[in-house]
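The values are calculated or read from the model by the stated rules, or taken from the named source; none is laboratory data. Note that the structure is a prediction, hence the values are computed from the model and not measured. Here the Cβ is made from the backbone with ideal geometry for all residues, glycine too, and neighbour counts use every protein chain on show. Accessible surface is based on the protein model in full, side chains and every heavy atom, while ligands, DNA and RNA are left aside. Shrake-Rupley method; radii C 1.70, N 1.55, O 1.52, S 1.80 Å.
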Amino acid sequence: MKLVNKFTLWFVGILILTTPISMAISHYNIRKKIDEAEIERLTQVNGVVASQLRQGIPHEKYAQGRPIHVSKIAGPLPDEHVRITEENYFNEDLQREECQLTVTSYYQIGDTYYRIESHDYVIKAKQILAGMMSGVIWKMLLIACCVALTAHIVSGYILKPFYQTLRAIQSFSLKQKEKIGFPQTSTKEFKELNMLLQKMTDKISEDYASLKEFSENASHELQTPLAVIRSKLDLLANTPIRADQAQLIAETQHSVEKLSRINRSLLLLTKLENHEFEPSEHIRLCTLTTATLSAYQELIQLKSLTVQRRVNKNVHVKLHPTLAEILLNNLLHNAIRHNVQEGHIVVNLTSEQLVVRNTGIAPKTPTEELFQRFKKNNQSSDGIGLGLAIVRQICEISGFNIAYHYADGWHCVSVLFDPNKVQVRKTEVFAGA
């Protein structure tokens, strides 16, 4: 839900919550003021009649047409000189409920005691409430409509710098050399946000450049001593040496080659994490799968493996060609290397997924942990433990899902493609062994 919609709902919720409370307060105050005004008026009327009686003027002169009743009473006067009563009753003639307010005043004029009563009909609480309800409902509807109609317009102006900042962040790339620019704004919160993002992006760019330079320099500098060590070992191997020395040289050469593979793999992982491989077009993965299988024919024959493949032709996946080759090489190399003699390999490629299955011994490590760096099923093996880590990193940056499980003597690695990155132009299937 958008921020402006949340603010709108919050405002409407407050309006709905506070309106009944404000109505109750307003209703009480209006009713009180009406009653007070009418009591004051009737009290004044009684006072005028008492004044006329003191002057000897018949009260009927003033009471003409007014509901005023004057009567003599036996003294003394009650403690309350003014009494107020309110009576609700149903008017049979008008067929409606009435509310009569009566003010009774007591006076002593000479030696005579008088009771003067005047009354009037006031607006009932229900009538006041009904009138208020009608006005409040229309007021709430008007406010809600105005808020709903103007919220997007006003927010589009107020939140414009925020959306510009958001677009700038979305378009930010570590590969760009120039600094990211944020819009100018007069809003304090947006200014602070832009300042923080400016510092963060500048720091990230600097760290990325430093890390990239370090990894490239480290890889380059490591290659030179590795090449020197390799050449020296070759020269040493061509000199007269004993059998035990030859064994040591062979082990050293093996370690040098392993170190070289680790160096290349770590450099590749660094490039993958920095998103240096951006896919620009759809590659024909079916052709690449077949070519990779053909490249491993010697290793397959060396282990007497049986390969079954079911590859849908013309499956085009949006993936960087280099990453596609690395992905297939790592998966097929693992399927061959960790297989048993005279084992089986099954390769299935569809527009939904790539599945590589192979026979082999049960893993000693949980399969989900094998995607971690330097995590191997057998720590004493010659592998460097980065193959599946590279495969997982390729899948993550490509938007694919990868799963690995073992059951009934079969290892199974499944790569689920993103449907938005797959094109199928034909439905032909090539199967072979």
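General remarks:
- Tyr28 exposes around 140 Å² of accessible area when a 1.4 Å probe is run over every protein chain in place.
- Rounded FRET efficiency, nearest 0.05, which uses the C-beta distance separating Arg83 from Ala151 and R0 of 60 Å: 0.60
- With all protein chains modelled, accessible area of Asp35 [1.4 Å, Å²]: 30
- Cut-off 18 Å (backbone N to label point 7 Å along Cα→Cβ of Arg54), residues of region 94-116: 105-116
- Distance between modelled label sites at Leu17 and Arg96, nm, 7 Å Cα→Cβ extension: 3.8
- Flagged links, alpha-carbon separation over 29 Å, of Lys179/Lys421; Lys258/Lys364; Lys160/Lys199: Lys179/Lys421
- Note on exposure: Glu369, Glu178, Glu87 ranked by accessible area (1.4 Å probe, complete protein assembly) read Glu178, Glu87, Glu369, with the most exposed listed first.
- A 1.4 Å probe, protein heavy atoms only, puts the accessible area of Tyr163 near 80 Å².
- Once the Cα-Cα distance is subtracted from the 0.36 nm per residue extended length, the Glu40 to Gln198 segment shows a gain of 49.9 nm.
- With 0.36 nm allotted per residue and the present C-alpha distance subtracted, the Ala403-Ile229 stretch has 58.7 nm of extension available.
- Estimated FRET transfer efficiency when R0 is 30 angstrom, pair Thr187-Asn5 (beta carbons, to 0.05): 0.95
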